[in-house]
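Here the structure comes first, spelled out in structure tokens, and everything after it is commentary.
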Amino acid sequence: MNTITHWIDGRTWDEAAERTGPVFNPATGARSGEVALAGPSEVDAAVRAARQAFEGWRRAPLTRRQNIMFAYRELLVRRRLDMARMLTAEHGKTLDDALGEVQRGLEVVEFACNIAHLLKGDFSEQVSREVDTFTIRQPLGVAAGITPFNFPAMVPMWMFPIAIACGNTFVLKPSERDPSVSRLNAELLAEAGLPDGVFNIVQGDKQAVDAILTHPDIAAVSFVGSTPIARYVYEQATRNGKRVQALGGAKNHMIVLPDADMDLAADAAVSAGYGSAGERCMAISVVVTVGDAADRLLPKVRERLADLVVGPGDAEGSQMGPLITAAHRDRVASYIDAGESEGAVLMEDGRSLVVAGHEGGFFLGPTLFDRVSSDMSIYRDEIFGPVLSVVRCGSYQEAIDLINGNPYGNGTAVFTNDGGAARKFQSDISVGMVGINVPIPVPLAFYSFGGWKDSIFGGHSIYGPEGVHFYTRPKVVISRWPDPIHRGVDLGFPQHG
Ligand code: NAD
């Protein structure tokens, strides 16, 4: 059995694991390997390696750090297909989608290639007589990343390229469901010339996470995952004195106004609702129709669903793959049961789908509910599967109140041809990322990504300029040099000029 283990101080950790967990190929349901599950001693070994590497790495010239990022970027480009295949094998998403995931991670690496520019400080000459003031940004020390199963390449790459380029060292705890791709990243970083100990991986579950949250030598924690765990990580890590950014779950609404282009809206609802089998934090899970929009939109959505091809991610023509585990598939199916019994109108039912030749796979077909109301569990909870709910609203204001009343605030979108309505929406809505005729508004790497409300804890969004701020702390230097003027002792507060 293939065992996926830790990467510590530039090499594979070869001590036998006390605990392991299963890794599956979701398209077949077969167990493809096992993953070592770290406890406190493996976490401590990784943090020690990172701590030791920090003093040298923080002093490495910016040009060297940049050159290593450039070399890593080249290796990633060369190996992107291998990486995508690995994603498909352990996560289940289609190969095309996996290539897109690698691309979005790569863009953060490209952003980090520009770190010398990004770390430039301010300088003010002669703020007082012979006095200059300037700022520098310095790394924090050892940073840790804890990441979810749904983007096993991209989400870690939202974190470590920037953390490392800023001069930190890093300990990554990937999801235990699809751990292999992080190992490939470690090997590529080593090949690119990254010194041992700068990037480390501990595979594991809650035990590894708890060891990270309490380790005295970890300065900062980046987390991406579900809201209850994000809240827990935020509370534990801040209690232990760490800087924390913790991104949580989502329930993303897409409003369709009566004047929208209904073909465009139907394409968007199906792509954003069922892409990656709904296992995206920016997936649309609720379509909010205003006025008579539902009657014109829904037939078009159903037409598209009839043509949607569900199958193994590596098969030609597959548009939607399986869910991550059998347990998750069953959990999503139980929400379909609940939606039916709570009185929503089930228009498409994915529960009976069978993919020929892949009967053991964790598949669930696309499911569509109409006339969903905000008290139903299919509306309230993050389902994280291919289940799209339609809520009908009588007015624009009712739709806005619905979204603003939802505890999540990751992404949202409005579909309309009315510029004024779109502009009002972007201003009125209490959500961190807003799409206007764009269903999944994920910013490119030179902006930052982050929701509002229960979709994020802590003061920093992730990657982009906010990433640089998160992984550094500012220092302000006030210098008088040379200082030919001796004014003697003065206990007063300086008055400049
Ligand atoms: P999850 O919260 O179950 O797991 C995330 C990480 O936390 C994993 O590394 C896991 O090992 C660890 N973990 C799980 N249970 C834990 C516990 N009890 N104590 C400590 N650590 C624990 O999330 P998931 O199922 O892997 O991923 C899906 C979730 O991630 C969804 O809620 C999705 O919306 C969210 N997500 C959010 C974003 C975002 O940018 N906001 C991006 C991707 C995914």
I'd like to check something: does region 387-396 contain any residue that is assigned by TED's automatic domain parsing to the domain that holds P258, over 26 Å from the mean Cα position of the chain (by Cα), more than 22 Å from S226 (Cα to Cα) and small (G, A, S)?
yes
State the number of residues belonging to region 171-216 that are more than 8 Å from the ligand (Cβ to nearest atom) and on the phi > 0 side of the Ramachandran plot.
2
If you go through G291, G278, G225, the only one that is in the same structural domain as G317 (by TED's automatic domain parsing) and within 16 Å of the ligand (Cβ to nearest atom) is G278
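I'd like the residue in region 111-147 that is acidic (D, E) and either free of Cβ contacts under 8 Å to residues at least 60 places away in the same chain or closer than 29 Å to V43 by Cα (or both) and, out of all such residues, is surrounded by the most Cβ atoms within 10 Å (Cβ to Cβ).
Selected residue: D122.
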Quick one: how many residues across region 5-22 are surrounded by fewer than 23 Cβ atoms within 10 Å (Cβ to Cβ) and in a strand (DSSP E or B)?
6
Any hit, region 397-406, residues being crowded, with 18+ Cβ neighbours inside 10 Å, within 16 Å of the ligand (Cβ to nearest atom), within 27 Å of the chain's Cα centre (by Cα) and not polar (S, T, N, Q):
no
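Based on this model, can you work out whether A250 counts as assigned to a loop (DSSP other than H, G, I, E, B), among the aliphatic types (A, V, I, L, M) and either surrounded by fewer than 16 Cβ atoms within 10 Å (Cβ to Cβ) or under 15 Å from the mean Cα position of the chain (by Cα) (or both)?
yes
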From the set of residues in region 282-311 that are in a loop (DSSP other than H, G, I, E, B) and out of contact with any strand residue (DSSP E or B) (no Cβ under 9 Å at 6 or more places or on another chain), which is surrounded by the fewest Cβ atoms within 10 Å (Cβ to Cβ)?
D307
Restricting to region 446-458, what's the tally of residues that are within 14 Å of the ligand (Cβ to nearest atom), in a loop (DSSP other than H, G, I, E, B) and touching a residue at least 24 places away in the same chain (Cβ under 8 Å)?
5
Checking F149 against (1) more than 11 Å from the ligand (Cβ to nearest atom); (2) out of contact with any strand residue (DSSP E or B) (no Cβ under 9 Å at 6 or more places or on another chain); (3) farther than 23 Å from F70 by Cα, the condition it does not meet:
(1)
For region 318-338, state whether one or more residues are more than 16 Å from the ligand (Cβ to nearest atom), part of a loop (DSSP other than H, G, I, E, B) and aliphatic (A, V, I, L, M).
no
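Residues checked against (1) in contact (Cβ under 8 Å) with a residue 40 or more places away in the chain; (2) surrounded by fewer than 19 Cβ atoms within 10 Å (Cβ to Cβ):
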position: V345; (1), (2): no, yes
position: V354; (1), (2): no, yes
position: V372; (1), (2): yes, no
position: D381; (1), (2): yes, yes
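The values are calculated or read from the model by the stated rules, or taken from the named source; none is laboratory data. No experiment lies behind these values; they were computed from the predicted model shown. Here the Cβ is made from the backbone with ideal geometry for all residues, glycine too, and neighbour counts use every protein chain on show.
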